[in-house]
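Q: Input: one structure, supplied below.
The values are calculated or read from the model by the stated rules, or taken from the named source; none is laboratory data. Since this is a predicted model, take the numbers as computed values, not measurements. Please note: Cβ atoms are built from the backbone with ideal geometry, for glycine as well, and neighbour counts cover all protein chains shown. Quick note on the areas: whole protein, heavy atoms, side chains included, nothing else; ligands and nucleic acids left out. Shrake-Rupley method; radii C 1.70, N 1.55, O 1.52, S 1.80 Å.
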There are 2 protein chains.
Amino acid sequence: MLCADAPASGLAGLGFGPAQTKKDRMSTIASVNPATGEVTDGANATGEAEVAAIVERAAAAAAPFEALGRTFRAAMLRAVAEELEARREEIIETGKRETALSSDRLNGELTRTTYQARFFANVIEEGAYLEATIDHAGGTPMGPGPDLRRMLIPLGTVAVFGASNFPLAFSVPGGDTISALAAGNPVVVKAHSSHPALSLLCYEAIKAAARRTGAPAGVIGIVFGTEAGAALVAHPAVRAVGFTGSLRGGQALMDIIAGRDEPIPFYGELSSLNPMIITERALQARAEEIAEGIVASVTGSAGQLCTKPGLVFVPHGEAGDDLVNRVADLFNELPAAALLDERISSAYEEVHEQITGLDHVTGLGIGLPKPDGGFFVRPRVVSVDAADIQGPELEECFGPSAVIARYQASSLEQALALLPSSLTATIHAEPDETAITVDLTNKMRSHAGRLLYNQYPTGVLVSWAQHHGGPWPSTNTLHTSVGATAIRRFLRPLTWQGAPDAVLPEELLDRNNSLVRRVDGVLRLPAPA
Amino acid sequence: MLCADAPASGLAGLGFGPAQTKKDRMSTIASVNPATGEVTDGANATGEAEVAAIVERAAAAAAPFEALGRTFRAAMLRAVAEELEARREEIIETGKRETALSSDRLNGELTRTTYQARFFANVIEEGAYLEATIDHAGGTPMGPGPDLRRMLIPLGTVAVFGASNFPLAFSVPGGDTISALAAGNPVVVKAHSSHPALSLLCYEAIKAAARRTGAPAGVIGIVFGTEAGAALVAHPAVRAVGFTGSLRGGQALMDIIAGRDEPIPFYGELSSLNPMIITERALQARAEEIAEGIVASVTGSAGQLCTKPGLVFVPHGEAGDDLVNRVADLFNELPAAALLDERISSAYEEVHEQITGLDHVTGLGIGLPKPDGGFFVRPRVVSVDAADIQGPELEECFGPSAVIARYQASSLEQALALLPSSLTATIHAEPDETAITVDLTNKMRSHAGRLLYNQYPTGVLVSWAQHHGGPWPSTNTLHTSVGATAIRRFLRPLTWQGAPDAVLPEELLDRNNSLVRRVDGVLRLPAPA
């Protein structure tokens, strides 16, 4: 399937397609209700000069913001959580109107977003993320060694592109923004054009928190519109880019970066198929639970999740038939779902046309008819034989759909070798199927960032051990956009050699024992408080 | 000045220029003595099919090599050190013949290289580099959280481009190779064409160590010639590239990577000016020591060091005049130096033509005349006014030369704002000059990876706190090629969710307390042995 979040080419990939391009030219980003198509006021597109002014204000804030230190930033992040909570009702109402996501989903997402802000406050207060390291001067086999002290420091102004599908947790107040601020960088967000009013509301919350705690003006900025996003990435003062969106949108940004005098790190979360493999024995043990689990994971949030399982391997045979029939029945009862915007909805329909035209694809189940108005689509599940897999069924489809691939041992092995890399890969097997679990793990490991066992990949906990990344094309391989280590993306190492105390950060002074450090090769935990 | 290690364009930048291209076409890489021009047998250029076969052998070795574990790899790295030591005499003799570097320098470099191999053995035995993290299942504000376990795993086959100027420590057995092997990756080295015989000798030492300890065949490979280097980077099984060389050579490799189906990380150490600033008071206190320090740092190893101070800011006035005169006198007494190869030598001479043609540049000192034969050049120091700096004097010049920029407060500030980013920046100031030291630190920090105080930037200790990197164009900003954290370049995170013990690495089993881990958010040191 084609990815519905991947428009044909170029700048259109940066956030919105032809429909919005017209609006952009009119200098407004309209706020559209996906459940009705109703248009209300959104935001003004940001002109190029204004983008430059916003970036320059951010860049001017970098040094004073960093100088305020970790304790200040932790307080500011907690204030961000408070300001968001204080606007919960308005945020949920605005979010519902602009995304058609449910109150429950948006409430849960806001809770996760404020939890994330407080989590990163804890991460920076603890300080291990700084990798503070001291090598005192001393003898080495190569002669006398100097005093060396290393620590991670902020990169500078970070550009963050909000995602359509997580209007809070991966958008203006999302993980990229929060981890970049936590690291000590000013942030300029390019708002996603499918929720401009919500973006403004969240921006105001962060700005209020920054102002209330005394952060320098400019530490948070926002721009609207495709051209503004392009100008943002091209601006020399921008030092890194965080992006969650389509592969083509990401590639358009990478092209802009390639044209800069200085290349900068690009952290893209781009495309993910999220394969799932179910063994015969797992089906025999818990077919009903698995059927319900698949349907919930594929269609939750209308399938608009980056970790939605898009391709599910089910064995041939009676138990597999039973599962497939049950999944089909569940799909047939599902209501139509409003997708996030007109482009995503129409791309989903195009995929439908394409996939049902393939000889080797069989329709299995389809949700209830669409109501009039809005950007509704019908959930859909299709089936292929794993031996036939080779084409569009290996690409992410954004929306409430999945491909079930029926396999036997040989066709599974052949199909797994064709899979693109994903954020996740999931194995359902019984506890005593050790050999097959190990074998499948070894086959999937090189193609995924997170491996799951008897669970479902949607739902990405913000925690220390989380990894939300994976080899290309899911991300650029080495980074995570969720979890404590997401902060590493917005930091760089600096080493001071033979430095007087006056120029050292307090974290590198000999007398400081308030954070974990490596001193003369030995890791030392902080002194008890 | 132009960087002598930066040929005009394209593939020529990958390692050697027109002179060698002809040899490459003849399918041999000649071994040339830079002190005499004498040519002896080198190595055969590697054909494209042979490159593919070598990469495929390496890729096949990846899983079994990783499976042997950290204890095995530490033993193998120590065996590499032993095999290199066992060949010390032959390595020094071959190195002298191919590089014209002194016995002292090559002996010191070999000691550093074997120290580096043993250092990385210690790093992986300790295991903190794995960032092992366990979040047990439990309640969260978003509901029940799963069991998540995160660790860094090897990327896969790594391509390493040997450097001309460190034929051991940054070449076949250098930091890129050793840190990639330590991380658990097979390595294929593209030998630098200015020391083919030495490259083969070092390759044989690593191969002997791998064989002796029982590593899978293919864990180390070597290729020769520009075209082979290009084919190596283009090969789909290569997962990362380490490169030390010219900016243009690096850009040629990045172009090849941009043409791959899957982009891969490129770790380039490319170009560095290494500014040094000396205050009036520092000169008053220790002019002679500083003069000697500058000359030693600029001309050691014939100035062919990536951290050579290329631009030295000296105050106007009498103390500055005295320093400059002393530096000039020292240069005038220096013998001519043989550079590493014909291309580097002729590029150095081209820079001489260009720089002396500039109106605002004044010659200060020049070394003794060149002997006949070989690739000798004369050390050279020139002077400019800091207010006039704007052109070629802001680019790295590879060889025994430096630009001295005479400043007063206003022209220093203006010149510093023009500087490109470097691996290092050095400040010489008196201990009680706190205000100026802090001010200069703040101005230099955003343009350097390592800040030095009253020391000299050449000489890069392999240690835990070392950082040998810096913002573009010195490297691609976020990584180091020297020190313990260089290993991070060749690893990626993987998280296991709800995984049975059978599929987990031993480092992530609950019962393992042999390495530092973060468990449920708390860093825990290993149990005492």
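Q: Condition (residue is at the interface with chain B (Cβ under 7 Å from one of its Cβ atoms) and basic (Lys, Arg)) applied to region A:404-412: is it met by at least one residue?
A: Taking every residue of region A:404-412 in turn, none turns out to be at the interface with chain B (Cβ under 7 Å from one of its Cβ atoms) and basic (Lys, Arg).
Q: Tally up the residues in region B:451-465 that are open to solvent by less than 10 Å² (accessible area, probe 1.4 Å) and either more than 7 Å from chain A (Cβ to nearest Cβ) or under 14 Å from the mean Cα position of the chain (by Cα) (or both), please.
A: 2
Q: Still on this structure, please answer the following. Kindly indicate which of B:Ser164, B:Ser194, B:Ser171 is buried (at least 24 other Cβ atoms within 10 Å of the Cβ) and closer than 24 Å to B:Ala86 by Cβ.
A: B:Ser171
Q: Could you please give the count of residues in region B:99-128 that are among the aliphatic types (A, V, I, L, M), within 26 Å of A:Arg518 (Cβ to Cβ) and within 16 Å of the chain's Cα centre (by Cα)?
A: 1
Q: For region A:505-524, name all the residues that are touching a His at 6+ places or on another chain (Cβ under 9 Å) and either among the hydroxyl-bearing types (Ser, Thr, Tyr) or crowded, with 18+ Cβ neighbours inside 10 Å (or both).
A: Those that are touching a His at 6+ places or on another chain (Cβ under 9 Å) and either among the hydroxyl-bearing types (Ser, Thr, Tyr) or crowded, with 18+ Cβ neighbours inside 10 Å (or both): none in region A:505-524.
Q: Residues in region A:332-349 that are in a helix (DSSP H, G or I) and either loosely packed, with under 13 Cβ neighbours inside 10 Å or polar (S, T, N, Q) (or both): how many?
A: 3
Q: Okay, next question. Go through the residues of region A:369-378 one by one and say whether even a single one is surrounded by 23 or more Cβ atoms within 10 Å (Cβ to Cβ) and of a type in the set (Lys, Arg).
A: Checked against the condition, which is being surrounded by 23 or more Cβ atoms within 10 Å (Cβ to Cβ) and of a type in the set (Lys, Arg), region A:369-378 yields no hits at all.
Q: A further question on this structure: Tell me whether region B:312-331 contains one or more residues that are within 28 Å of the chain's Cα centre (by Cα) and open to solvent by 10 Å² or more (accessible area, probe 1.4 Å).
A: There is no residue in region B:312-331 that is within 28 Å of the chain's Cα centre (by Cα) and open to solvent by 10 Å² or more (accessible area, probe 1.4 Å).
Q: Here is a further query. Looking at this structure, is B:Arg239 over 16 Å from B:Gly162 (Cβ atoms), open to solvent by 10 Å² or more (accessible area, probe 1.4 Å) and at pLDDT 95 or above?
A: Answer is yes for this residue.
One line per residue, one yes/no per condition, for (1) open to solvent by 10 Å² or more (accessible area, probe 1.4 Å); (2) more than 7 Å from chain B (Cβ to nearest Cβ):
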position	(1), (2)
A:His467	no, no
A:Trp472	yes, no
A:Thr477	yes, no
A:Ala484	no, yes
A:Leu491	no, yes
A:Leu494	no, no
A:Pro500	yes, no
A:Val503	yes, no
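Q: I'd like the full set of residues that are within 9 Å of another protein chain (Cβ to nearest Cβ) and without any contact (Cβ under 8 Å) to a residue 12 or more places away in the chain, limited to region A:123-143.
A: A:Thr140, A:Pro141, A:Met142, A:Gly143
Q: Looking only at residues that are part of a loop (DSSP other than H, G, I, E, B) and among the hydrophobic types (A, V, I, L, M, F, W, C) in region A:366-382, which one is farthest from A:Tyr348 (Cα to Cα)?
A: The extreme case among them is A:Leu368.
Q: If you go through region A:147-162 one residue at a time, do you hit one that is outside any strand (DSSP E or B), within 9 Å of chain B (Cβ to nearest Cβ) and within 24 Å of A:Asp176 (Cα to Cα)?
A: Within region A:147-162, one or more residues are outside any strand (DSSP E or B), within 9 Å of chain B (Cβ to nearest Cβ) and within 24 Å of A:Asp176 (Cα to Cα).
Q: Further question on the same structure: Would region A:432-450 turn up any residue that is at the interface with chain B (Cβ under 7 Å from one of its Cβ atoms), surrounded by 21 or more Cβ atoms within 10 Å (Cβ to Cβ) and touching a residue at least 24 places away in the same chain (Cβ under 8 Å)?
A: Among the residues of region A:432-450, at least one is at the interface with chain B (Cβ under 7 Å from one of its Cβ atoms), surrounded by 21 or more Cβ atoms within 10 Å (Cβ to Cβ) and touching a residue at least 24 places away in the same chain (Cβ under 8 Å), which makes the answer yes.
Q: Using the structure shown, decide if B:Ala336 is at pLDDT below 95 and out of contact with any Ser or Thr (no Cβ under 9 Å at 6 or more places or on another chain).
A: It is false that B:Ala336 is at pLDDT below 95 and out of contact with any Ser or Thr (no Cβ under 9 Å at 6 or more places or on another chain).
Q: Same structure again: Restricting attention to region B:297-311, which residues are surrounded by fewer than 24 Cβ atoms within 10 Å (Cβ to Cβ) and touching a strand residue (DSSP E or B) at 6+ places or on another chain (Cβ under 6 Å)?
A: B:Thr307
Q: To continue, here is another question. What number of residues in region B:250-265 are in contact (Cβ under 8 Å) with a residue 24 or more places away in the chain and open to solvent by 50 Å² or more (accessible area, probe 1.4 Å)?
A: Residues that pass the stated criteria total 4.
Residue by residue, here is whether (1) closer than 24 Å to B:Ala296 by Cβ; (2) among the β-branched types (Val, Ile, Thr); (3) under 26 Å from the mean Cα position of the chain (by Cα) holds:
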site: B:Glu342; (1), (2), (3): no, no, yes
site: B:Gln354; (1), (2), (3): no, no, no
site: B:Leu368; (1), (2), (3): yes, no, no
site: B:Phe376; (1), (2), (3): yes, no, yes
site: B:Pro379; (1), (2), (3): yes, no, yes
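Q: Since A:Ser514 meets every condition but one in (1) farther than 30 Å from A:Asp432 by Cα; (2) assigned to a loop (DSSP other than H, G, I, E, B); (3) over 15 Å from the mean Cα position of the chain (by Cα); (4) facing chain B (nearest Cβ under 7 Å), which condition does it not meet?
A: (4) is the only condition that A:Ser514 fails.
Q: Here is a further query. Any idea how many residues of region A:98-113 are within 12 Å of chain B (Cβ to nearest Cβ), of a type in the set (Ser, Thr, Tyr) and either surrounded by fewer than 24 Cβ atoms within 10 Å (Cβ to Cβ) or more than 20 Å from A:Ser463 (Cβ to Cβ) (or both)?
A: Looking only at that region, the number is 1.
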